[in-house]
Structures are given as C-alpha cells and as structure tokens.
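The values are calculated or read from the model by the stated rules, or taken from the named source; none is laboratory data. A quick note: this is a predicted structure, and the numbers were derived from the prediction, not measured. Every residue, glycine as well, gets a Cβ built from its backbone with ideal geometry; the counts of neighbours run over all protein chains shown. Just so you know, the surface numbers come from the protein's heavy atoms only, side chains and all, with ligands and any DNA or RNA stripped out. Shrake-Rupley method; radii C 1.70, N 1.55, O 1.52, S 1.80 Å.
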Amino acid sequence: MHPLDNANERVNGARENLDALKPLVADFAQVVANGVSLNYEEREIIIDGKRRKVPYGTARAVLNQPAPLRLSRILGYVIQDLRTAMEYLIYELTCFDARQVVEKTQFPVADTEEIFDDLLDRYHLRGNLSGDHIAAIERLQPYKGCDWVKWLIGFSNPDKHKHLTGLRSPVALSIDERNTKAILAGQAVDVNSYASITIAFSDGTPVIEGLEQLVSQVAQILSDFHSQFERR
C-alpha cells in the first residue's frame, strides 16, 4: 500500500460526487431558465434589403435563486474530499521525512512568505519536512501564483464551518437574428432555447468547470509527489 492511497481515494470520491452533481446542476439551470422573461432592445438591422428598427438584441436578467439543498450538499462533498486529500498528502509527507508519526499537521496556505514561514511552525512542518519538500509545498502557495489552492481552501472553510458553499445563477439571454422576422410577425419564440444559464460559485466561477479543474489539479499534485515516497 502506497502512503498516498488514502489521498487518491479521496480524489476518487470527489470524482464520483462530481458525476452525481452534474445532472443536479443541469436541472437547477433548467429551473432558472424556466423563470426567465424577455425584455427586447430596439436595434436597427437590415431585413430584405431595408434598414428597420426591430426588438432585437440581448436581454439580461439575474435570478439569485437558492440552489437545492442536495445540490449544495454534494458540492460540499466534492470540495471536502479534495481538501482532505491535500491534508493527507502533507501528513504522509511529513511522517515520511521525519521517520515518525507527526500529529496535528495541516496543509499550509499563505498569501505572503511571512505567513508561510509562520505556518511551518504552527503545523509542525519545520524540522520534520525536508528542505526540498518545504520548497515544493511553497511553490503551491497563493503568493507564488498558485491560485487554485487558495480557491479550494477558501470555499472549503465556509462549507465546513459556517454554511453550504454559495451559488448564484446569473442569466444571459440572446435572441438569434434568424428569429427576428418571427418576432416581428408575432410568432412564438422558444425563450429557453436562447437562455444561456451559468450556475456559479459566489465569485462567478462556473460550478462544474471549476470543480473539474480542482479535481485535475489535486490529482496531478498527488501524482507529482508519488515518487517522493522512496525510502532513502
């Protein structure tokens, strides 16, 4: 058994929950789309060689509709699995370097070098982690440009300690030019077919795309460290 097997299993759990999350997000997007109404803008376009003013263009609306609780719960599982995988990594790496069990370790996340230096002591990493491994962990810090780590920790903390991860549902609508004549003729146009719905975190990051990126990043980090656990 490899020391990172538990961490990798957490990533597997994140993938499974992400697969379960996708249809829930799609259903929620449809609920939001069903509540959309259109307000047309008046623009000049050419129809049959003549310039005419028509109700054409883009209509926008934002519906801050609460996400279903099950959706938010499963989303939280994905994030916590990934956060736990990072905690398992730092624990196993520290114990391996120290050649003994080191309790109360935690993956450090710092916005400045000074904070990182402080966390090395607070999380019992200094004196236990090798210099090479400290340097490798430092490269994963937000102040070194690794924004996805800060994003993961930032969303996992509120989910774990305060409330479920926040979602918002911005709605952007655009009317296809091909339907302009139908609109002018008073014919029905399927609103939902032109509703581009994005279900996003509170910072605007699309939920599914953002989580897929996080899963990929954490899996890659574990893969990068896999060969480090060779007894020296």
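General observations
- Residue satisfying all of: in segment 87-101; in contact with a Ser or Thr (Cβ under 7 Å, 6 or more places away or on another chain) and open to solvent by less than 10 Å² (accessible area, probe 1.4 Å); nearest to G131 (Cα to Cα) among these: T94
- Filter result for I153 (modelled with pLDDT under 95 and either under 26 Å from L18 (Cβ atoms) or crowded, with 18+ Cβ neighbours inside 10 Å (or both)): yes
Here's the yes/no breakdown for (1) loosely packed, with under 12 Cβ neighbours inside 10 Å; (2) under 22 Å from the mean Cα position of the chain (by Cα); (3) in a helix (DSSP H, G or I):
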position: T105; (1), (2), (3): no, no, no
position: V109; (1), (2), (3): no, yes, no
position: L120; (1), (2), (3): no, no, yes
position: G127; (1), (2), (3): yes, no, no
position: A135; (1), (2), (3): yes, no, yes
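- Those residues of segment 96-119 which are over 19 Å from I153 (Cα atoms), of a type in the set (A, V, I, L, M, F, W, C) and free of Cβ contacts under 8 Å to residues at least 60 places away in the same chain, in sequence order: A98, V101, V102
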